[in-house]
Amino acid sequence: MSATTPQKSPQLSIVIPVYNEEDGLQALFDRLFPAMDRLRVELGLSYEIIFVNDGSKDRSAGILAAQYELRPDVTRVVLFQNNFGQHMAIMAGFEYARGEYIITLDADLQNPPEEITLLAKQLVDGHDYVGTIRSNRQDSWFRKIASRAMNHLRQRITRITMTDQGCMLRGYHRRIVNLVRQCNESNTFIPALAYTFAANPTEITVKHEERFAGESKYTLYQLIRLNFDLVTGFSVMPLQIFSILGMLLALGSGTLFAILLVRRFVLGSEVEGVFTLFALTFFLIGVMLFGLGLLGEYIGRIYQQVRERPRYVVQTVLERQ
Ligand code: UDP
Ligand code: MG
């Protein structure tokens, strides 16, 4: 730890975003705190746990406040005014975290808290980014297939090489977290952004369990949005591919036009094939709309970025001074 850091700062910060998790929080506390106390003894690392309540509409905030009263020495709670999304909640956790090492974890017990020790060891060993691969992932088949497809796409169009981008149990050195905070991006995908700054990354395999209680907080729509964040945030290749596609289509339709023109003079006028024409037109309209939508994705993000509105609003922070 650097000489300027006050002695009371913990060495390890755990950041946990919480959104409507009232049924699972107690089970999380029951496993997380003992695991962290064991880690403190085993690795000799002092720790703090930062819960960020992402505007939950259930009793989560109250449950977190009660837990804070029980363990104020190692617990801090950041309460958002509204729902700003998992990645913004983690960003706020980064802002308040004081540790040299920072580990993020989901509140739903899909990442076993006991695995934190494995990540902490890698960080202590000098890795500045610890990625994770979920062994035997316990999610719906649809999520698994979609996630695999996105992993492949990301691997192709960005320079980010991660085996499993979706797992949120990850460890970062403070240097990386500071860089991520500097970025000030209004839509982002933290594991990928952090990876771009890593000098000595590593990956480990961790266990994965079924959600302890409640349901996934991501609807299909939100998952699609998140994946657009991942793609547009790290690559302009979709736009480039689109311009190449446009060029090929223009060439194709130009050739078709030339052929039809010659045919018109050789064989006379024709009306057959009108449905083929419809099919072609609809296809081209579809391609155009997709292209417009894609452009819109980038432009919308530019718009959000230039407005520079606060990315999240913190209502209160429960912490011992
Ligand atoms: N989460 C959040 N804000 C949201 C959605 C989710 O803070 O708007 C939290 C949620 O409480 C959990 C984590 O992010 O701790 C991951 O969410 P979830 O388990 O629903 O995602 P999945 O595992 O299905 O990807
Ligand atoms: Mg989950």
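Points to keep in mind about this one:
- Scanning segment 209-227 for residues that are open to solvent by less than 60 Å² (accessible area, probe 1.4 Å) and either within 25 Å of Leu295 (Cβ to Cβ) or of a type in the set (Lys, Arg) (or both) yields Arg211, Lys217, Leu223, Leu226, Asn227.
- Evaluation of Glu114 against (1) among the charged types (D, E, K, R); (2) closer than 21 Å to Thr202 by Cα; (3) within 16 Å of ligand 2 (Cβ to nearest atom) (one fails), failing number: (3)
- Residues that are open to solvent by 10 Å² or more (accessible area, probe 1.4 Å) and within 12 Å of ligand 2 (Cβ to nearest atom), drawn from segment 91-107: Asp106
- When segment 262-321 is filtered for residues that are open to solvent by 100 Å² or more (accessible area, probe 1.4 Å), over 30 Å from Ala92 (Cα atoms) and within 26 Å of the chain's Cα centre (by Cα), the ones remaining, listed by number, are Phe290, Leu292.
- Number of residues in segment 42-73 that are over 27 Å from the mean Cα position of the chain (by Cα) and among the aliphatic types (A, V, I, L, M) equals 4.
- Within segment 81-134, tally of residues that are part of a helix (DSSP H, G or I), under 25 Å from Arg311 (Cα atoms) and away from ligand 1 (no atom under 13 Å from the Cβ): 3
- Taking (1) in contact (Cβ under 8 Å) with a residue 60 or more places away in the chain; (2) more than 16 Å from ligand 2 (Cβ to nearest atom); (3) under 30 Å from Asn83 (Cβ atoms) in turn, Met237 satisfies each apart from (3).
- Asp58 vs. criteria within 10 Å of ligand 1 (Cβ to nearest atom) and in a loop (DSSP other than H, G, I, E, B): no
- Within segment 157-271, helices (runs of 4 or more DSSP H) holding 2 or more residues that are within 16 Å of ligand 1 (Cβ to nearest atom): 190-195, 220-234
The values are calculated or read from the model by the stated rules, or taken from the named source; none is laboratory data. In this text the structure is predicted, and so the values were computed from the model without any measurement. Because the Cβ atoms are built from the backbone with ideal geometry, glycine has one as well, and the counts that use them run over all protein chains shown. Accessible surface areas use protein heavy atoms only, side chains included; no ligands, DNA or RNA. Shrake-Rupley method; radii C 1.70, N 1.55, O 1.52, S 1.80 Å.
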